[in-house]
Amino acid sequence: MDYNKYLDEILTSLIHEDGSDLHLGVGRKPAIRVNGQLVFLSNKEIINRDDMMSILDIILGKEKTVRFLEEKEVDFSFAFKGMSHLRGNAFFQRGGICVALRLIPKAKSFEDLNLPQILKTFALSKQGFFLVVGPVGQGKSTTLSTMINYINKENTTHIVTIEDPIENVYSQERSIIDQREIGLDTKDFTVALKSAFREDVNVILIGEMRNTETISAAVTAAETGHLVLSTLHTNNAPQTIDRIIDSFPANQQEQIRLQLSSSLLGILSQRLIPRVTGGRIPAFELLINNNAVSNLIREKRTHEINTVIETSSEQGMIDMNRYLIELVQKGEITLESAYQYSFNPKALERML
């Protein structure tokens, strides 16, 4: 079999169907995810181990394939025909090799992605900590890449991204953009962050904050004149703040609480919801760190933050339930979907 041609065909199917992910695994047919649903490619044969080894040689290369076989899992990025980029993870299950590939959307504008315009203000901030949160596959990386592209077009600044693996490849416009991949360009997130302090950097994008050391370095960077953008797999703003603080030992939590109360710019939580006309549309909650929110963080009253979000729309904050109701009223999503994606369905019912 010509495996380069085979891979071209299934990746072309992924792009043609406007899919987001491709799944390959020994003992099953290839599958793509379209609008959140998995669809098996019925015109392809069931994949065997030899097939997977040949595919790995193409997407990983010989050296990374050897490492994968030793370590049993590996993250990687892959360029398809020099135009489309994918991030992937190869792993074993029940002794069989599997690969999950996610298609990285091409750079789009705030308007194309229906992103809140207020995010442009955060993107041009001189310093502070801004987070985009939500479950896997909800467009967090796409939102952050849109913010980076906006900075690149509007500001003459030095941007350093720290990613595992590199997802979006940026074309430098007004800014200098240095992209560092874990394992290839640097040892780990913490080392790269500490190194950034000596690189005359203005903006730091951290692909994901995975441990206490990375969070601590990120908050310190935000306090010392840098704009820091990152993601967490949390549901909403209060949970995100609690997760950050609780990741530290008890004797350090008061200090990080104080740092966070002053350095945090905002937290955007987003979900991609099935659209009535097909495809998906984002819905948002946006917390902006004003004096009231800062006080609540310092005073261990994060459970009251939702009330501030609900009553502060004039300051630019976005309440998820109100956003969902607007989408229902515009005919973009169904009422059933609004209930499904609401953080507080009972409050949503009271608002209808």
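The values are calculated or read from the model by the stated rules, or taken from the named source; none is laboratory data. If you're wondering where the values come from, they're calculated on a predicted model, not measured in any experiment. Backbone-built Cβ (ideal geometry, glycine too); neighbour counts: all protein chains shown.
Worth a mention:
- Figure legend. Inter-residue proximity from the range 143-162: first residues under 25 Å from I281 (Cα atoms), second residues among the small types (G, A, S), beta-carbon distance below 6 Å, spacing 6+ or different chains. Indicated pairs: M147/A123; N149/A107; Y150/A123; I151/A123.
- Condition met for F189 (over 30 Å from Y323 (Cα atoms), touching a residue at least 24 places away in the same chain (Cβ under 8 Å) and not basic (K, R)): yes
- Across the range 68-107, the number of residues qualifying as of a type in the set (D, E, K, R), farther than 13 Å from I166 by Cα and surrounded by 12 or more Cβ atoms within 10 Å (Cβ to Cβ) comes to 1.
- In the set (1) outside any helix (DSSP H, G or I); (2) of a type outside the set (D, E); (3) within 22 Å of V136 (Cβ to Cβ), S42 fails one condition alone, (3).
- Failed condition for Q340, given (1) under 30 Å from G128 (Cα atoms); (2) out of contact with any helix residue (DSSP H, G or I) (no Cβ under 9 Å at 6 or more places or on another chain): (1)
- Qualifying residue in the range 207-217 (condition: surrounded by 18 or more Cβ atoms within 10 Å (Cβ to Cβ) and assigned to a loop (DSSP other than H, G, I, E, B)): yes
- Unique match (being in the same structural domain as D242 (by TED's automatic domain parsing) and modelled with pLDDT of 90 or more) among V133, V66: V133
- Selection within the range 151-195 - buried (at least 19 other Cβ atoms within 10 Å of the Cβ) and part of a helix (DSSP H, G or I): I151, N152, F189, T190, A192, L193
- Residue list for the range 298-344, restricted to those being surrounded by 15 or more Cβ atoms within 10 Å (Cβ to Cβ), hydrophobic (A, V, I, L, M, F, W, C) and farther than 22 Å from I244 by Cβ: L324, I325, L327, V328, I333, A338
- Residue satisfying all of: in the range 146-173; of a type in the set (S, T, N, Q) and modelled with pLDDT of 95 or more; farthest from the chain's Cα centre (by Cα) among these: T156
- Taking each residue of the range 111-126 that is without any contact (Cβ under 8 Å) to a residue 12 or more places away in the chain and looking for partners that are not aliphatic (A, V, I, L, M) with beta-carbon atoms closer than 7 Å, six or more apart or interchain, yields Q117/F110.
- Here the condition is being in a loop (DSSP other than H, G, I, E, B), within 18 Å of the chain's Cα centre (by Cα) and of a type in the set (D, E, K, R); of K126, K106, K120, it holds for K106 alone.
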